[in-house]
Amino acid sequence: MPSPHRRTTWAAALLLVTTGLAACGSGGESGGDGPIKVGISLPLTGDFSEPGKGVQQGYEAWAKIVNDAGGLLGRQVELTILDDQSSADRVVADYEQLIGSDQVDLVVGPFSTRLVVPSARVASEYGMLFVEPAGAAAEVFTQGFKNLFYAAPAVANDHYNHLAEYILGLPADQRPKTAAYAAMDDPFAQGTAYGLKARLEAGGVKTVVNEVYPPNTTDFGSIAAKIAASKADVVVGGSQYQDGVNLIVALQQLSYQPKLAAFSTAPTNPEFAAAIGNKTEGILAPTGYSQDAPYPSNKEFVEKYTAQFGKAPEEDQANAYTTGQVVAAAVKAVGCAEQGDCQQKLIDWVHANKVDTVVGTLSWDDTGKPQGAHMIQQWVGGDIKIVLPADVKEAAIVYPKPAW
Amino acid sequence: MSLVLQSVVLGLLLGGLYALLAAGLTLYFGIMRVVMIAHSAFLILAAYLAWWWHERTGLDPLLSLVVTVPLFFLAGVAVQRLLLARLRAVTLTMMSVLVTFAVALIIEGLLGYAFTGTQRRIQLGYGSASFEVLGARVAVVKLIAFGLAVVSLGALYLLMKRTSFGWALRATIQHRDAARLVGIDTERTAGYGFGLGLATAAVGGTALSLDSTIYPSLHWHWIGPLMAIIVVGGLGSVPGAAAAALLLGLAQSLLQIPLGTTWAQTVFYVALFATLAVRPQGFFGGRLAQRF
């Protein structure tokens with residue numbers, strides 16, 4: 001039982017701390033010469049913890065590279081990162097806190113469409129610029145956000161555009177006749193598969209299986225059984241990571257051998273080959289980022305990122321870094337970084353301009369949707385290489401795919 | 001036709017795994033009337049240990065059982081003696097949910113701390129191997145998991161029916177006061193019974209690790225279906241849980257064909273509601289006092 005005296009001391013201490021914090025807050029805001037505070041909420045635990053940590057590293061790399069080069073507008077960049085536990089409720093509370101009580105100067109987006117939409121709404125209410133690394137599904141751009149920009153080459157539905165073009169361009173006797181689709185009940189994962197589905201159906205490739213599974217699915221045997229029984233020429237997985245891996249293994253256990261297999265996200269993960277026992281032959285995946293892509297800032301990014309983290313960056317890291325690049329370009333061009341009128345100037349600038357990034361030159365339409373398509377990579381001889389489009393390819397596409 | 005047969009095979013193999021995973025959960029309830037939310041967290045912990053063992057030693061993950069089974073037995077005794085036995089009898093069932101919920105969170109947090117959130121999968125030479133039986137493919141890893149379930153549930157059954165410890169444990173489950181009157185140290189027996197339950201989690205987690213991708217928060221996806229299984233099977237009845245697990249596994253796999261994955265998963269909860277509405281004591285267990 002604490003004595004009344006001790007209680008007073010605690011209260012005084014608490015008061016000191018809070019007033020101290022408040023002083024810091026107001027000082028940073030009005031001065032404009034303190035660090036630029038960038039607020040981020042990320043899924044560091046829960047279902048999206050894996051990509052969430054990747055995005056975190058990307059942001060940290062961006063802050064370090066910017067700071068090592070003298071900062072933004074001569075001010076150091078300081079990241080405030082909160083953990084939203086992969087929950088849409090938490091992400092809203094986090095951004096409220098970052099903007100309202102932490103008084104950050106800029107905010108950037110979290111990971112996954114499910115978290116991007118609610119957090120973009122908060123940013124929109126405060127009139128903040130909201131560049132985000134992961135909200136690629138169609139619904140992100142139908143909410144009427146004026147302040148949102150997706151910092152990647154293409155939205156989910158356009159990921160497979162190069163592949164659809166290739167398949168439908170094959171001579172009629174080689175072209176696949178049937179296709180099976182399995183997609184996670186997640187706007188991004190589903191969007192990738194359905195973008196390809198719409199194009200292949202329009203081109204005359206018949207859909208024989210169309211499965212949707214919830215994100216908590218643990219058993220993929222039954223879905224695989226349906227796909228294997230259909231003997232579809234093409235299998236397309238609208239997957240994140242573990243579901244893609246589990247589905248591929250389940251298909252292999254049933255000795256199903258399609259002519260073409262395409263899965264989103266999972267095959268580009270560095271753990272992928274080991275996870276499925278190196279039976280990767282011929283698997284295709286769209287990718288928004290490649291370490292080998294020849295854009296000038298990408299070389300610097302790969303080099304410095306590798307020096308900082310001891311390994312090369314992946315797509316999640318690159319998307320976060322791209323987000324940082326877009327924000328930095330806007331801040332430099334407009335010459336300010338704080339809440340208030342400055343934010344609208346930043347938003348207007350991004351709408352009106354193109355930005356050179358590690359994933360190429362990006363530009364956006366009115367809804368914040370980027371105007372491009374993804375590269376297609378394929379596992380060839382134990383290595384993943386860019387095969388489409390033709391002008392950036394590292395290897396020729398292998399079709400029909402060898403047995404896995 | 002071949003799809004139906006394939007689904008039956010997959011459903012039975014899945015049901016066997018469910019039976020093994022649910023066995024411990026129903027045992028705890030029988031012994032102490034507690035709801036052990038952390039059971040699935042211990043399953044994932046065992047799966048991680050199997051994965052880690054395989055990474056470090058290169059030996060087959062099944063060999064990790066030599067270490068994890070005794071370890072989990074001791075952990076079970078410790079959880080019972082140090083946490084659950086200290087709860088007040090009146091609010092035991094309710095409070096056990098809170099306490100074991102906390103244990104589950106701690107395990108999840110420690111797994112994330114020790115192994116990061118990266119999703120892991122054991123790389124086995126026979127990971128995607130399979131053979132054909134009557135036109136259906138049987139995956140080797142799924143068959144091994146099923147075999148583990150049969151062996152450990154069989155061993156559990158013999159232990160309960162044929163050994164004096166088993167008799168003491170069943171007496172404790174049936175009527176604690178009467179058991180104490182005939183000279184059974186029910187406290188110690190309950191502790192060992194808990195250890196036994198957690199030992200099945202070690203086996204179950206290892207079986208699970210053979211054919212799934214694991215990550216620290218995976219246990220939340222498992223606890224719901226497992227709870228449904230033990231209620232349908234009759235709380236406290238291991239054979240009841242096994243029967244319910246096979247039936248629900250099969251139903252899930254077959255319903256997948258017309259309904260798709262999302263609706264097929266709801267079979268657990270439909271069965272749970274139906275059981276609570278029609279036959280709250282469960283469909284397979286008989287009266288609680290006579291169970292196992």
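Neighbours of B:Y192 by Cβ distance under 15 Å: Lys/Arg scored +1, Asp/Glu scored -1, total +2. Ellipsoid semi-axes for the range B:139-195, based on the Cα gyration tensor and the rule √(5λ), read 31, 10, 7 Å when sorted largest first. Other protein chain C-beta atoms within 10 Å of residue C-beta, averaged over A:270-281: 3. Other residues whose C-beta falls under 15 angstrom from the C-beta of B:V77 contribute a net charge of +1, scoring Lys and Arg +1 and Asp and Glu -1.
Three principal axis extents describe the C-alpha atoms of the protein assembly as shown; from largest down they are 88, 86, 48 Å.
With a 1.4 Å probe and all protein chains in place, put B:M94, B:M32 in order of accessible area, largest first.
Largest accessible area first, the residues go B:M94, B:M32.
Compactness of chain A is given as radius of gyration and Dmax, 23.0, 89 Å, from Cα positions. In plain terms, the C-alpha convex hull of the range A:314-374 casts an average shadow of 4.4 nm² when viewed from every direction. Rounded to the nearest 20, the size of the Cβ-charge dipole of the range B:163-284 about its Cα centre is 200 debye, with Lys and Arg at +1 and Asp and Glu at -1.
With a 10 Å cut-off around each Cβ of B:111-121, the average count of Cβ atoms from other chains is 5.
Taking the protein heavy atoms of chain A in the context of the full set of protein chains, the accessible area attributed to carbon and sulfur is 53 percent at 1.4 Å. Overall dimensions of chain B, expressed as equivalent-ellipsoid semi-axes from the Cα gyration tensor (√(5λ), whole Å, largest first), are 30, 23, 18. Counting only other chain Cβ atoms within 10 Å of each residue's Cβ, the peptide B:125-136 averages 3. For the set A:K64/A:K385; A:K279/A:K299; A:K37/A:K311; A:K37/A:K332; A:K146/A:K369, the pairs lying more than 19 angstrom apart at their alpha carbons are A:K64/A:K385; A:K279/A:K299; A:K37/A:K311. For the range B:155-292, the spread of Cα coordinates along the three principal axes comes to 55, 36, 24 Å, biggest extent given first.
Sorting B:105-113, A:378-386 by their mean Cβ neighbour count within 10 Å, with the most densely packed peptide first, gives A:378-386, B:105-113.
Give the shape of the range B:1-134 as rounded, prolate or oblate, defined through the alpha-carbon gyration tensor: a ≥ b ≥ c are the square roots of its eigenvalues, a/c under 1.5 means rounded, and otherwise the shape is prolate if a/b is larger than b/c and oblate if not. Judged from the Cα gyration tensor, the range B:1-134 comes out oblate (a/c at least 1.5, b/c at or above a/b).
Rounded to whole numbers, the Karplus 3J(HN,Hα) couplings from phi for the range A:58-71 are x, 5, 5, 4, 4, 4, 5, 5, 5, 5, 4, 8, x, x Hz, using 6.51 cos²θ - 1.76 cosθ + 1.60 with θ = phi - 60°, and x at Gly and Pro. Computed from Cα positions, the angle between helix A:221-230 and the longest principal axis of chain A comes to roughly 40 degrees.
As I understand it, the value is the acute angle between the Cα axis of helix B:65-78 and the longest principal axis of the Cα atoms of chain B; what does it come to in degrees, rounded to 10? Taking Cα atoms only, the helix is inclined about 30 degrees.
With 40 Å² as the minimum drop in accessible area between chain alone and full protein complex (1.4 Å probe), the qualifying residues in the range B:257-283 are B:T261, B:T262, B:Q265.
Residues whose amide H lies under 5 Å from that of A:L82, counting only those 5 or more places away or on a different chain, are A:I40, A:S41, A:L42; hydrogens are built 1.01 Å from N in the peptide plane.
With a 1.4 angstrom probe, the accessible area lost at the A-B interface totals about 2900 Å². Summing charges over neighbours of B:R121, with a neighbour being any other residue whose Cβ is under 13 Å away from its Cβ, gives -3 when K and R count +1 and D and E count -1.
For B:S130, the amide hydrogen comes within under 5 Å of the amide hydrogens of B:V140, counting only partners 5 or more places away or on other chains and with H modelled in the peptide plane. Taking the centroid of alpha carbons for each part, the range A:348-404 and the range A:233-274 are 20 Å apart. Remark on the range A:251-313: ratio of C-alpha radius of gyration to 2.2 N^0.38 Å is 1.43. Based on alpha carbons, the Rg and Dmax found for the range A:227-277 are 10.5, 31 Å. The mean of 1/r over all pairs of different alpha-carbon atoms in the range A:231-390, once inverted, gives a Kirkwood hydrodynamic radius of 17.8 Å.
Every Cα-Cα pair in the range A:106-229 was counted, and those over 24 Å apart are 41% of them.
With the biggest extent put first, the Cα atoms of the range B:78-132 measure 53, 33, 18 Å across the principal axes.
Derived scalar couplings between HN and Hα for the range B:227-232 equal 4, 4, 4, 6, 6, 4 Hz in order, rounded to whole Hz, by the Karplus curve 6.51 cos²θ - 1.76 cosθ + 1.60 (θ = phi - 60°), x for Gly and Pro. Note that the range B:8-19 has calculated 3J(HN,Hα) couplings of 5, 4, 4, x, 5, 4, 5, x, x, 5, 4, 4 Hz, one per residue in order, obtained from phi through the Karplus relation 6.51 cos²θ - 1.76 cosθ + 1.60 (θ = phi - 60°); glycine and proline are x.
The values are calculated or read from the model by the stated rules, or taken from the named source; none is laboratory data. Source: prediction; values computed, not measured. In this analysis, Cβ positions are derived from the backbone assuming ideal geometry, glycine residues included, and neighbour counts consider all displayed protein chains. Each accessible area value is taken on the protein alone, full model and side chains, heavy atoms only, with ligands, DNA and RNA left out. Shrake-Rupley method; radii C 1.70, N 1.55, O 1.52, S 1.80 Å.
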